[in-house]
Ligand code: CAO
């Protein structure tokens, strides 16, 4: 066996290309012509095949490295026979046993006495720390701009932080490869916190004589000028690069140039289908994705919140108020629901004259002290009964629109106005509640919501929502269905209206109801029946007390 060095083949006039993928690891046995590296220039992605069969002894480059024609990339152990075949036509110096030689790809073969890839450069791991963020403390991580394994240039964005006041990008302190992050989305960080590790090349820190084929020096001096905290010197480039992950681009299989393009165009690569070798995403895939998206209707694209960046101060004085998280999340959810659900609102009026007589009369004497029952409690009870009679209102459409998931549990969400924005606590097991239970529980949940005491799961699992503006006023409104639910009931203020009873106009207390529904799931006639049924229940409370 002898060692042979594989070099980058002729790149056709391109000066430098980036190693974007290493498809072998030390110890692998490779076939002749098997892909060992993938290189990427601004214009193209190219695969480097093994010039001969053999075993990978060392990998001399890392993902992110820039290489040129002739750069040694891999050392292979090959049988003498293979070597002889490969070097047949080449004038070479006599080989030492086991001494590696360079092999151009596909046929350029040179012999050399030693491999000396580590003579000037050393790979070290450094901690990535949060830099000075203007005195802000405990700032939330809202986005990672790179994935572990990706190459990054110095000053390129590593991750994005968001405080109450601003969004800021944490730049990479060095060019290198991100090894790992020790933080997650949602974590809060401050200046100096360690957030991850990266591998960087330190060319000035090794003091090692060139052209010596001795083991790399692991007691590397750390450059005191370097303002990074150098936690550990891992290994020299010839030793350690074999441990670079084979596919280093995180969940998405794409090179840095493609990622850069995606970032520029605002494309989420997870959504892009790769057409390159082994489904790698290439630039053309990103461009095709953008073209398809541009052809789609604007509403379907717009899942985020689109405001205006116009400078209104040129027209007059303005004040800019930051939106809190609740309002931002609500806005996103509303945009999503409104733009994805074809919704219609059915209006009706319930005659609650008798209900109000009962609520304000005999019911009061039956209530425990401190318990207040507003018309909303009756509406909630009526809703559960209507959902039981019309199950499709208590359902969700599956993702591809091929099935309806009918829920056999009833969790009513009640929209609550709070100083921080709209919250929707959920009354679990609503089918087991009485009118008084609804009154007590909705009051308790509303109080918790307003005091920020609502646990996150207290807002989850709703199957139908009621939004009451009856305490405020208004004749009707069109509430937005809260996806993945399929319907929502809006309740407006009850007022006396003249109602024809067949003989004369009679003053009746009429409660306006607005039922918005997902028209993919509910037909208009069903919605009209659902709303009518609610009105019947509310017009004669005896039905609800049964
Ligand atoms: N018609 C006439 N009066 C009504 C009424 C109606 N539909 N609904 C409530 N009222 C009366 C109540 O009886 C109460 O009167 P009294 O003070 O004389 O007893 C008064 O209005 C205030 O009621 P309330 O609003 O405090 O209580 P509620 O049970 O009706 O509602 C809650 C509770 C949490 C739903 C409500 O406080 C709230 O936050 N509503 C806003 C919801 C919202 O913002 N929805 C919009 C979402 S966007 O789709």
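Miscellaneous remarks
- Cβ-Cβ under 6 Å pairs, at least 6 apart or on other chains, the stretch 460-471 side in the same structural domain as residue 378 (by TED's automatic domain parsing) and closer than 12 Å to residue 375 by Cα, far side part of a loop (DSSP other than H, G, I, E, B) and near the ligand (Cβ under 6 Å from one of its atoms): 470/493
- Taking the conditions (1) free of Cβ contacts under 8 Å to residues at least 12 places away in the same chain; (2) more than 30 Å from residue 325 (Cα to Cα); (3) assigned to a helix (DSSP H, G or I) in turn, residue 544 satisfies each one other than (1).
- Here is the figure for the stretch 359-379: residues that are part of a helix (DSSP H, G or I) and either within 13 Å of the ligand (Cβ to nearest atom) or touching a residue at least 60 places away in the same chain (Cβ under 8 Å) (or both) total 9.
- Looking across the stretch 436-482, the residues that are more than 9 Å from the ligand (Cβ to nearest atom), more than 15 Å from residue 425 (Cα to Cα) and not in a helix (DSSP H, G or I) come down to 474, 475, 476, 481.
- For the stretch 23-53, filtering for residues that are under 21 Å from residue 68 (Cα atoms) and in a strand (DSSP E or B) leaves 11.
- Any hit, the stretch 410-431, residues being away from the ligand (no atom under 11 Å from the Cβ), surrounded by fewer than 17 Cβ atoms within 10 Å (Cβ to Cβ) and closer than 17 Å to residue 489 by Cβ: yes
- Every listed requirement among (1) more than 16 Å from the ligand (Cβ to nearest atom); (2) over 17 Å from residue 481 (Cα atoms); (3) assigned to a helix (DSSP H, G or I) is met by residue 382 save one, (1).
- Checklist (1) more than 13 Å from the ligand (Cβ to nearest atom); (2) assigned to a helix (DSSP H, G or I) applied to residue 402, failing item: (2)
- Matching residues, the stretch 494-505, being surrounded by 13 or more Cβ atoms within 10 Å (Cβ to Cβ) and under 14 Å from residue 357 (Cβ atoms): 494
- Checked against (1) surrounded by fewer than 15 Cβ atoms within 10 Å (Cβ to Cβ); (2) out of contact with any helix residue (DSSP H, G or I) (no Cβ under 8 Å at 6 or more places or on another chain); (3) at pLDDT 85 or above, residue 72 passes all but a single condition, namely (1).
The values are calculated or read from the model by the stated rules, or taken from the named source; none is laboratory data. Just so it is clear, the structure is predicted and the values come from calculations on it, not from any experiment. With ideal geometry, Cβ positions are generated from the backbone for all residues, glycine too; neighbour counts draw on all protein chains shown.
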